[in-house]
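One structure is given below, encoded as structure tokens.
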Amino acid sequence: MKKITSTVVALAFSSLTTTFSTSVLAQSLAITNATVHTVTEQGILTDATVVIENGKISAINPKTFKADKVIDAKGKILTPGLIGSINQLGLVEVNAVSRSRDASEKKADITFDTSLAFNPKSTLIPFMRKGGITSNVVVPKGGESYFKGQAFTVNLSGEFNSVRHKNQAVVVDLGATSSGSRAHDLQQLTNKLSDAKKALVAAKAKSKGKTKDKSDKEEAKSPKRDAIEINALLAGTKPLIAYVDRATDILALLAIKKEFSLSLILVGAADAILIADKIASAQVPVILDPMRNLPGSFDSLHLALTNAAELTKAGIKVTLNVEGDAHNLHQLRYNAGNAVANGLSNAQALAAVTANPAATFNLNAGQVAVGKNADLVLWSDDPFELSSSVDSIWINGKSYSTQSRQDALRDRYMKPSDLPKAYSK
């Protein structure tokens, strides 16, 4: 009897282990007969097959393949998932409700890490998937300092492990202020970088003259947290994201970049059109909203719907975004479509919401290429058309729903009921 019991238990455990292992392993997938916009030198592939294994693209147009699941795209357009940037998605649920806002802090400084408050279960995230967005670069609003904190990147799976990279970039807000002078912030930034550079040189020289024991003690002293961030900027391991509009401020930042060998990213950059050649020569990417065409201040007098196309033509790596409220991020594809109407080619516009932000923020996404994360979208038609929609969306090779809170409310209140309208059983 004991032998039978032991055998049964062993078989049951073995069965359970096998079932668990199978469920943990990612299901392989092949998407066939797709019109694939690769956003690579391969361009557009027709009647193509994309194979996904372990969350990544493993093959494109292989002669043979094996997959757990095969989806016939029936000629529809397959693109990389769109990448949103420079917003507070997951940090703000309702702007009018202060307790649902975690993007800003009056005492915030260069170390402010809002990824700690990111809510992957925000009701906004499924709604953004409706717009074909699979990744996002989140930034804090910060507080009184021109240093606003740290940017981080996420996928829009809604899973608790969806933060991809924490503390990925330092965010500063420069330019016009309601009180004081813009010169102060630019001077303070320059001084901080200069002082930190001198301190690093002095520390290096000092360590060379120390005995081994004294040197070890010196290295044991950890630098302050803000110094670590400044040193990361100087080392080029962390980019500086700068909100800036006026040409003179951009030129000042380009000079700072050159002096300290910074990795610089410009956001807004209303006057970039005036100095496009200098920005291109410095190889500095620009993030802008292509629908921003009216001056909001004396710093932004040179906005135009054609700026995205003109900056791209000048050789600048342009990323398109949706300025302001994260609730409107799903409109990113429409912004890209308007940029096409004002001079960008379809290929350039698609790159500006996929490959360009991926390259700018070092994400393994934004292209349909072997080895890239399988963040993909199958569209009913041209993704930049208002009438098109997302047929299917995959993040890390896993299919996700585009069912949003808005859909649930619609279904709830349109359901036939004996109760008066606005009530539901």
Ignoring ligands, DNA and RNA, what accessible area per residue does the chain give at 1.4 Å, in Å²?
-> 52 Å²
Where a ≥ b ≥ c are the square roots of the eigenvalues of the C-alpha gyration tensor, would you call the stretch 274-334 rounded, which needs a/c under 1.5, or, failing that, prolate if a/b is larger than b/c, or oblate?
-> oblate
Probe 1.4 Å, all protein chains present, accessible-area order of THR32, THR64, largest first = THR64, THR32
Within the under-14-Å Cβ sphere about GLY132, not counting GLY132, Lys/Arg +1 and Asp/Glu -1 give a net charge of -1
With 0.36 nm assigned to each residue of separation and the Cα-Cα distance removed, LYS166 to LYS197 gains 8.7 nm
The stretch 57-135 and the stretch 373-409 have their Cα centres apart by a whole-number Å value of 12 Å
Full-extension gain in nm, VAL94 to ASN346, via 0.36 nm per residue minus C-alpha separation = 87.3 nm
5 angstrom amide H check on ARG164, placed H, neighbours 5+ away = THR153, VAL154, ASN155
Around PRO62 (Cβ within 14 Å, Cβ-to-Cβ, excluding PRO62; K/R +1, D/E -1) the net charge comes to 0
Return the sequence-ordered ³J(HN,Hα) values of the stretch 294-305 in whole Hz as given by the Karplus equation 6.51 cos²θ - 1.76 cosθ + 1.60 applied to θ = phi - 60°, using x for Gly and Pro.
-> 10, x, x, 6, 6, 7, 10, 7, 10, 6, 7, 5
Given 0.36 nm per residue, what is the gain on full extension from ASN328 to ASP381 after removing their alpha carbon distance, in nm?
-> 16.9 nm
Got a number for carbon plus sulfur as a percent of the stretch 333-425's accessible area, 1.4 Å probe?
-> 49 percent
Starting from the residue with the highest accessible area, list VAL70, VAL171 in decreasing order, probe 1.4 Å.
-> VAL70, VAL171
Got a sec? Which residues in the stretch 309-329 would a label at ALA359 touch, if it sits 7 Å along Cα→Cβ and we count backbone N under 18 Å?
-> 309-321
What ³J(HN,Hα) values, in whole Hz, does the Karplus curve 6.51 cos²θ - 1.76 cosθ + 1.60 give for the stretch 250-256 when θ = phi - 60°, with x put for Gly and Pro?
-> 5, 4, 4, 5, 5, 5, 5
For the stretch 135-213, the accessible surface attributable to carbon and sulfur atoms (probe 1.4 angstrom, ligands and nucleic acids excluded) amounts in percent to 50 percent
Please sort by residue number the chymotrypsin sites (Phe, Trp or Tyr not before Pro) in the stretch 97-168 whose DSSP state is loop and whose Cβ has at most 15 other Cβ atoms within 10 Å.
-> PHE160
Once you have a ≥ b ≥ c as the square roots of the Cα gyration tensor eigenvalues for the stretch 108-249, tell me rounded if a/c is under 1.5, and otherwise prolate or oblate according to whether a/b is larger than b/c.
-> oblate
Candidate residues TYR334, TYR400: accessible-area rank, largest first, probe 1.4 Å | TYR334, TYR400
Hand me the tally of lysine pairs in the stretch 278-425: alpha carbons under 22 angstrom apart, and the pair either on different chains or 8 or more positions apart.
-> 5
Give, as ranges by residue number, the residues of the stretch 362-403 whose backbone N falls under 19 Å from the point 7 Å along Cα→Cβ of ASP72.
-> 378-381, 391-392
Whole-Hz ³J(HN,Hα) from phi, Karplus 6.51 cos²θ - 1.76 cosθ + 1.60, for the stretch 339-354, glycine and proline x | 5, 5, 5, 10, x, 6, 6, 4, 5, 5, 5, 5, 5, 6, 10, 9
What does the charge dipole of the chain about its Cα centre add up to, to the nearest 20 debye, if the Cβ of each Lys and Arg holds +1 and the Cβ of each Asp and Glu holds -1?
-> 1480 debye
Dipole axis of the stretch 279-425 (+1 Lys, Arg; -1 Asp, Glu on Cβ), positive-most option in ALA336, ASN356, SER388 = SER388
Rounded to the nearest 10 Å², the 1.4 Å probe accessible area of SER401 is 60 Å²
Determine the calculated [θ] at 222 nm for the chain from helices alone, applying -39500 (n - 2.57) to every DSSP H run no shorter than 4 residues and normalising by the residue count; nearest 500 deg cm²/dmol.
-> -10000 deg cm²/dmol
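The values are calculated or read from the model by the stated rules, or taken from the named source; none is laboratory data. The model shown is predicted, which means the values in this text are computed figures rather than measured ones. Virtual Cβ from ideal backbone geometry, glycine too; neighbours counted across all protein chains shown. Remember, those area values only see protein heavy atoms, side chains included, never the ligands or the DNA or RNA. Shrake-Rupley method; radii C 1.70, N 1.55, O 1.52, S 1.80 Å.
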